[in-house]
There are 2 protein chains.
Amino acid sequence: MVAPRPPGPRSPTLEQVAEYAGVSRSTVSRVINQVSTVDPELREIVERAIEATGYVPNHAARSLVTRRTDSVALVVSEPAGREFAEPFLSRIFTDPYLGRITAGALEVLRPEGIHLVIMPADAPAHQQVLRYLRQGHVDGVLIISSHVADPLPQQLCDLHVPAVLSARPGRPLPMSYVDVEQQTGARLAAERFIALGRKHPATVCGPLDTTAGQDRLAGFRSALAVHGYAWVPAEPGDFTRAGGERAARTLLTAYPETDALFVANDLMAEGAMQALRDLGRRVPEDVAVVGFDDSVSALACRPQLTTIRQPLEEMAAEMARLLLARIREPEGRPRSVIFHPEIVERGSA
Amino acid sequence: MVAPRPPGPRSPTLEQVAEYAGVSRSTVSRVINQVSTVDPELREIVERAIEATGYVPNHAARSLVTRRTDSVALVVSEPAGREFAEPFLSRIFTDPYLGRITAGALEVLRPEGIHLVIMPADAPAHQQVLRYLRQGHVDGVLIISSHVADPLPQQLCDLHVPAVLSARPGRPLPMSYVDVEQQTGARLAAERFIALGRKHPATVCGPLDTTAGQDRLAGFRSALAVHGYAWVPAEPGDFTRAGGERAARTLLTAYPETDALFVANDLMAEGAMQALRDLGRRVPEDVAVVGFDDSVSALACRPQLTTIRQPLEEMAAEMARLLLARIREPEGRPRSVIFHPEIVERGSA
DNA sequence: GTGAAAGCGCTAACAA
DNA sequence: TTGTTAGCGCTTTCAC
C-alpha cells in the first residue's frame with residue numbers, strides 16, 4: 001500500500017469541460033462515449049473544449065458506475081507442494097512459455113484497448129489473488145494452470161469471475177479452455193523414432209501431477225505400444241532446464257541402451273542434450289532427441305532440436321478471444337478450442 | 001471496450017456490512033483500513049460481520065476517493081524508426097531481459113500489495129499509453145527504454161506521473177533511474193581478451209542509437225586503446241539472436257583474423273556462436289567470445305558463455321523501490337542507482 | 001436532442 | 001471512540 005498522492009495539479013473534470021463548452025455534464029459525457037444522439041454542432045464545440053482543457057476521463061469514477069475496468073488478469077497458478085531449485089518468480093518469468101502466452105494474449109487484447117495485469121499465484125498468494133479478483137480490479141482472468149489438483153480454477157468458477165483456462169482442467173469444470181492435442185503430439189514423437197529405426201526409446205516426461213505431463217507420457221507410451229513396446233522407460237522432470245538434465249542423466253544411467261529420447265518440453269530437452277553430451281553420447285547418432293513446444297530453446301540447442309510444435313501464441317490469442325466472449329456474455333456455454341501439434345524436424349532426430 | 005457486466009449477484013457493500021454489524025459505515029471502514037482508534041470489541045463484531053457477509057472493498061470506489069490504485073505499469077518503450085524481423089510483441093516477450101526485469105520488480109511490489117500492468121509501447125501505441133497513464137489507472141511507471149532519442153521519458157516527466165527509468169536517459173531528465181556501469185563491463189571483456197593474449201579483438205556492438213549500445217562500444221574501445229589498439233572493428237547488431245548471427249558473420253568475413261569477439265548481449269552472442277560454428281571457427285580456441293547480461297542464453301551456449309553479468313533482477317527491484325519512494329514523496333530528489341558489472345568466466349573465453 | 005438529478009461505494013472531515 | 005455528512009467524477013435514468 002502506498003501513501004495518498006498529494007493534491008497536485010488535478011486534471012479537469014467533466015464538469016469543468018461542460019462549463020467551458022457551455023453545456024451540461026451529460027452532453028460532454030455523451031460526446032466522450034460516442035452516443036450518436038448529439039447535435040453535430042454541439043459535438044464539435046464539446047470536442048474543442050475537451051481538446052482545450054486536455055480532459056481525460058477518470059478511470060476510477062467511470063469504473064465505479066459502469067462496473068467495467070477494461071483490463072484482465074493473467075494469473076500464473078502454482079499449487080502448494082512442489083519443490084523447485086529456482087524461486088517461483090524467476091522460474092516462471094525466465095521460461096519462454098509465459099512470454100509466448102503473454103505476447104499472444106496481448107495481440108488480441110491490445111487492439112481492444114484492454115490491459116493486462118500479470119499475477120503470479122503461488123500457493124501463499126492464492127488468497128490474495130482471489131481477493132484481488134473479487135475487488136473488481138479486472139473484468140476477467142486468463143489462468144495458466146497445469147497441476148491437475150490445482151484448486152484455483154474451481155474457486156474462480158465459484159466466484160463467477162469470467163475466466164479461461166490454458167489447458168483442460170484436472171477435473172471437469174464449466175469453464176472455457178484452450179489446449180493442444182497432447183497425446184497426438186507425443187505420438188508424433190514416437191512415430192519419428194520408429195521411422196528412424198530406433199530400438200530403445202525412452203522419455204523424460206513432465207511432472208505426473210500435470211495434465212500435460214500425464215497426457216504426453218500416455219500418448220508416447222500408447223503410440224509405442226502399437227509397435228510392440230509394452231513398456232517404455234520414463235523419468236519425470238519438472239519442466240525446467242536443470243530438471244531435464246538431471247532426469248536424462250538418471251535415465252541414461254539406468255538404461256544405457258537408450259537410443260531415442262522424447263523430452264516433454266524444450267527447456268528440459270536443452271538440459272537433456274547437455275546431459276547426453278556429458279555422458280559422451282552424440283545427438284542424433286547415438287541418441288535421437290525430440291522435444292515439445294518449439295520454443296526458442298529448440299533453436300538454441302546444438303544440434304537444433306526436432307520438436308513438437310504447439311502454437312502457444314495462437315492458443316493464448318484464442319484464450320483472450322474466449323475470455324472477451326465470456327465477459328460479454330457471461331451465461332454463454334463454455335467452449336473449448338483444441339489445437340493441432342506438428343512435428344518440426346531439425347537436427348536432433 | 002467490453003459490454004457492461006450484467007447486474008448479477010453483487011457483492012455486499014460497506015453499508016450492508018455496517019447494518020449487519022449494527023454500526024455505522026465509518027466504523028466498518030475504519031476496521032477495514034486498520035485505523036487503530038476502534039474499540040476492540042466493536043472491531044471484533046465488525047470483523048465477524050465482514051466474514052459473514054463475505055465483504056470485499058470495491059476497488060473503483062476506494063480509488064476514486066483515495067486517488068491511489070495500488071498498481072504500477074511496466075512500460076516497454078520502443079520509438080519509431082526501428083526495423084526488426086520479428087514482430088514487437090513476440091520479440092520483447094521472448095527476450096529473457098524483460099522476464100528478469102518483471103521478476104525483479106514483482107519481488108518488491110508483491111509484498112507491498114502492488115500490482116503490475118504490463119504495457120508494450122511501440123510508437124503507434126505511445127499516445128494510448130500516455131492517455132492510460134493520465135487516466136489514473138496506475139500510481140507510477142517503470143519505464144524500459146533504451147533508445148537515446150525516445151520521447152516517452154520526457155513526456156512522462158511532463159505529465160508528472162511518478163516514474164523510474166531502466167537506464168540513464170538519453171538526455172538529462174529529472175527522473176530516477178537505475179543503470180549498470182556499462183563502460184566498466186565492456187572494459188572487463190577487453191581485459192579478458194588481453195589476458196588471454198588475443199591480438200585481434202572485435203565487437204558485435206549494440207544498436208548505436210541506444211545508450212547501452214554506445215556505452216559498451218565506447219568502453220570496449222577505450223579499454224583496448226590503453227593497450228595500443230587505436231581502432232577496433234565493430235559491427236552493430238539489434239540485440240536479437242538473429243541479429244547477432246548476422247553481425248558476427250559480416251564481421252568475421254571482413255576481418256577473418258579476428259580472434260576475440262565481444263558481443264553486446266548474450267542473445268546476440270548465442271547467434272554469434274552459431275555464426276562462428278558455421279564459419280568453421282572453434283570457440284574459444286580460434287575465437288574467444290564474451291557476452292553481456294549473464295542471462296539464460298549464456299548457459300544455453302556451447303561452450304557456455306563467458307559474460308559480463310548485470311544483476312537485472314536486483315536492478316529491477318531497485319527500480320521498484322525508487323518508484324515507491326517517488327510515489328510516496330513525489331517532490332523528492334530524483335535518484336540514480338548504478339550497479340557494478342562482473343565478469344563470469346565460463347567456457348567461451 | 002438536452003439538462004437535472006440520483007447514485008455507484010467508498011473515505012475523511014467534522015461533530016458529537 | 002463513534003456517527004453524520006459531504007463529496008470523489010462519472011453514467012444514466014427521467015423529464016423536458
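Every test in (1) out of contact with any His (no Cβ under 9 Å at 6 or more places or on another chain); (2) touching a residue at least 12 places away in the same chain (Cβ under 8 Å); (3) surrounded by fewer than 21 Cβ atoms within 10 Å (Cβ to Cβ); (4) farther than 27 Å from B:P111 by Cβ is passed by A:P172 save one, and that test is (2). Filtering B:L64, B:L42 for residues that are near DNA strand D (Cβ under 8 Å from one of its atoms) and either within 14 Å of another protein chain (Cβ to nearest Cβ) or among the basic types (K, R) (or both) leaves a single hit, B:L64.
Residues of the range A:40-66 that are touching a Pro at 6+ places or on another chain (Cβ under 9 Å) and within 13 Å of DNA strand C (Cβ to nearest atom): A:T66 alone.
Restricting attention to the range B:123-137, the residues that are touching a helix residue (DSSP H, G or I) at 6+ places or on another chain (Cβ under 8 Å) and touching a residue at least 40 places away in the same chain (Cβ under 8 Å) add up to 5. On inspection, A:E270 does not qualify as of a type in the set (D, E) and surrounded by fewer than 22 Cβ atoms within 10 Å (Cβ to Cβ). Taking the range B:253-342 as the region of interest, the helices (runs of 4 or more DSSP H) fully inside it that hold 1 or more residues being over 30 Å from B:V164 (Cα atoms) are B:266-278, B:296-300.
Take the conditions (1) acidic (D, E); (2) within 30 Å of A:L133 (Cβ to Cβ); (3) outside any strand (DSSP E or B); A:E191 misses just one of them, which is (2). Answer with yes or no whether B:R91 is more than 8 Å from chain A (Cβ to nearest Cβ), within 9 Å of DNA strand D (Cβ to nearest atom) and part of a helix (DSSP H, G or I). No, not satisfied. For the residues B:A186, B:A247, the requirement of being crowded, with 18+ Cβ neighbours inside 10 Å, modelled with pLDDT of 95 or more and more than 30 Å from B:M319 (Cα to Cα) singles out B:A247. When we screen A:P284, A:P256, A:P236 for residues that are surrounded by fewer than 24 Cβ atoms within 10 Å (Cβ to Cβ) and closer than 23 Å to A:D150 by Cβ, the only hit is A:P236.
The listed residues are B:L14, B:L74, and the only one of them that is facing chain A (nearest Cβ under 10 Å), among the aliphatic types (A, V, I, L, M) and within 40 Å of the chain's Cα centre (by Cα) turns out to be B:L74. Count of the range B:181-206 residues, restricted to those that are in contact with a strand residue (DSSP E or B) (Cβ under 6 Å, 6 or more places away or on another chain) and closer than 22 Å to B:P79 by Cβ, is 1.
In contact (Cβ under 8 Å) with a residue 60 or more places away in the chain, of a type in the set (G, A, S) and more than 11 Å from chain A (Cβ to nearest Cβ) - does that describe any residue in the range B:288-311? Yes, the range B:288-311 contains a residue that is in contact (Cβ under 8 Å) with a residue 60 or more places away in the chain, of a type in the set (G, A, S) and more than 11 Å from chain A (Cβ to nearest Cβ). Do you know which of the residues in the range B:30-39 that are crowded, with 17+ Cβ neighbours inside 10 Å and within 9 Å of DNA strand C (Cβ to nearest atom) is nearest to the chain's Cα centre (by Cα)? The extreme case among them is B:I32.
Yes/no per residue for (1) within 24 Å of A:A61 (Cα to Cα); (2) surrounded by fewer than 21 Cβ atoms within 10 Å (Cβ to Cβ):
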site: B:A103; (1), (2): no, no
site: B:R134; (1), (2): yes, yes
site: B:V138; (1), (2): yes, no
site: B:A163; (1), (2): yes, no
site: B:S166; (1), (2): no, no
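For the range A:105-121, the criterion of being under 18 Å from B:F93 (Cα atoms), in contact with a Pro (Cβ under 8 Å, 6 or more places away or on another chain) and surrounded by 21 or more Cβ atoms within 10 Å (Cβ to Cβ) is met by at least one residue. Return yes or no: is B:P120 in contact with a Lys or Arg (Cβ under 8 Å, 6 or more places away or on another chain), at the interface with another protein chain (Cβ under 7 Å from one of its Cβ atoms) and either touching a residue at least 40 places away in the same chain (Cβ under 8 Å) or not in a helix (DSSP H, G or I) (or both)? The answer is yes for B:P120.
The values are calculated or read from the model by the stated rules, or taken from the named source; none is laboratory data. Keep in mind it's a predicted model, so treat the numbers as computed, not measured. Methodologically, a virtual Cβ is constructed for each residue, glycine included, from the backbone with ideal geometry; neighbour enumeration extends over all protein chains shown.
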